[in-house]
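Take a look at the structure set out below.
The values are calculated or read from the model by the stated rules, or taken from the named source; none is laboratory data. What you see is a predicted model; the values in this text were computed from it and never measured. Glycine also receives a Cβ, built like all others from the backbone with ideal geometry; neighbour counts cover every protein chain displayed. Calculation scope for accessible area: heavy atoms of the full protein, side chains included, ligands and nucleic acids excluded. Shrake-Rupley method; radii C 1.70, N 1.55, O 1.52, S 1.80 Å.
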2 protein chains.
Amino acid sequence: MSDTTATDGRVIGERALQTRRRILETTAALLREQGALDLKVMDVAREVGASPATFYQYFADVEDAIFALSVEMIEKVAPIHAQMAADWNEGATGLDHARRLVSEYTDFWDVNGAVLRIMLLRADERDERFRQIRRDYNAPFMTAMVAKVRSAQDSGRLTTALDAEATAGAMLAALDRLPNYREGFEKRGTSREAMIETVARLLYSSLTGAPLS
Amino acid sequence: MSDTTATDGRVIGERALQTRRRILETTAALLREQGALDLKVMDVAREVGASPATFYQYFADVEDAIFALSVEMIEKVAPIHAQMAADWNEGATGLDHARRLVSEYTDFWDVNGAVLRIMLLRADERDERFRQIRRDYNAPFMTAMVAKVRSAQDSGRLTTALDAEATAGAMLAALDRLPNYREGFEKRGTSREAMIETVARLLYSSLTGAPLS
DNA sequence: TCGTCTATCTGACGGATTGTCAGAACTGAA
DNA sequence: TTCAGTTCTGACAATCCGTCAGATAGACGA
């Protein structure tokens, strides 16, 4: 059922699986180097050292390959989800837990940003299949954060004027966009650590109602 | 100096200016409809009813046209900057001012999101000229917010453990990404108003140190 | 009105990319 | 080695890219 298939639908074997993987890794590498807007099937095929026809055997176009890479992001991010769930379920969420989450997620962005950016872009551009992936990718973060907000609201530590989903979304937005600003920050004297500390505190405050003063 | 030029550098006249404008509007429209990844020069030329050669007379490629649209975003967003500056300079920043800012900026995203997304994408992908535009586009927001944070920190209402730039950046991140999640939010019962209220409160709290409880 | 000058636009071209076959090359099993 | 199934590719038509030289349109003076 979850077997990997070629574009004609047939299940593929070991050799083909390796070819497919080489195509994916090359796509990811070129995406990092030159961005998505002028990434051609030809570029990938040349770099892989295969005929363009080979590419089309596994993917409909470059976007389709990026889609496959996006699907893989869900598994790749799972350890961060797991860590977060483990931390947050053992009782009170501490600032240290927030720091660890922000730090690990920032590292994740540094490695996988090129793919994540296109996943978010295509979802933002209303492509339904990318939206589905974005949902699956975000869901564990959102669920955990929404629960934290609701819990803080129930115990009166956080105002109910905040919408739980929107609050979680805003924090996710910060986590997803700030790594992209890091270079600019560093040029102006804000270190990676300072950024992580700041986001961690904003996150902690928004989810628990702890004051920022 | 600031005259609009063709790709060969010559300053263009009235008729050409109209053609250039039609190309830009068409590019923006197609960008909204079908996204950026498979937007061809041919598509734009066909829609405009002109030869592809006419397109190349004004822009090097589709990305170059989107760049020109991005440059225009700076002027287009200026009224929001102005409103913000006017509100925030008359003394204490109120929650109402934050609400207005978030509301207007969300509307701005609803209209110009297609272009803004590519501007941010290309800047995130390290394209220097888009980075310059992103800086110019963000600078007034950042400057104003950073000043608010510093002021709140100086008067002891906000912890100095927050980095001012990173705090402002995090809020800008929320403003820039949340409009993209609105459809999903609405499907799950979070209205536009609830989203705006939430972001406004998070913004207000982060910039002034006011508690969220 | 007419011709002339200049700005603007385009047909047409060589070259590159896309996407699709039929068949070649490879692989493992017998 | 042969064979059957799998994987890969050369070659092709269609499309797109990017660039000219030359066609067209508009302004202006006679």
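Its Cα centre serving as origin, chain A has a Cβ charge dipole (Lys and Arg +1, Asp and Glu -1) of approximately 220 debye. Scattering from segment A:136-202 was approximated by placing one identical point on each alpha carbon and applying the Debye formula without solvent; log10 I(q)/I(0) at 0.14, 0.15, 0.21, 0.22 1/Å stands at -0.51, -0.57, -0.88, -0.92. Taking every residue in A:118-125 and counting other chain Cβ atoms within 10 Å of its Cβ, the average works out to 6.
By definition, a body whose alpha carbon gyration tensor gives a ≥ b ≥ c is oblate when a/c is 1.5 or more and a/b is not larger than b/c, and segment A:74-208 fits this oblate description. Relative to the longest principal axis of the Cα atoms of chain B, the long axis of helix B:62-89 makes an angle of roughly 30 degrees. Across segment B:80-213, the relative contact order, built from alpha-carbon pairs under 8 Å that are at least six residues apart, equals 33 percent. Adding -39500 (n - 2.57) for every DSSP H run of four residues or longer, then dividing by how many residues the protein assembly as shown holds, sets the calculated 222 nm ellipticity at -26000 deg cm²/dmol. With its label point defined 7 Å out from Cα along the Cα-to-Cβ axis, A:Asp38 lies at 2.1 nm from the matching points of the other copies, in increasing order.
Look at the stretch B:201-207: the mean tally of other chain Cβ atoms within 10 Å of its residues' Cβ atoms is 5.
Can you give the angle from 0 to 90° between the axis of helix B:192-208 and the longest principal axis of chain B, with both taken from C-alpha atoms, to the nearest 10? Its long axis makes an angle of about 60 degrees. Note on segment B:70-208: with neighbouring protein chains present and a 1.4 Å probe, carbon and sulfur make up 50 percent of its accessible heavy-atom surface. The Rg/Rh ratio of segment A:14-58, with Rg taken over Cα atoms and Rh as the Kirkwood radius over Cα pairs, comes to 0.96. Using the Kirkwood radius over C-alpha pairs as Rh, can you work out the diffusion coefficient of the protein assembly as shown via Stokes-Einstein at 4 °C, viscosity 1.567 mPa s, in µm² per second? It diffuses with D of about 56 µm²/s by this estimate. Chain A against chain B buries an accessible area of about 4700 Å², both chains summed, 1.4 Å probe radius. Among the lysines, select those whose C-alpha is under 27 Å from the C-alpha of B:Lys40, and discard any that sit fewer than 8 residues away in the same chain. Straight-line reach from B:Lys40, under 27 Å: A:Lys40, B:Lys76.
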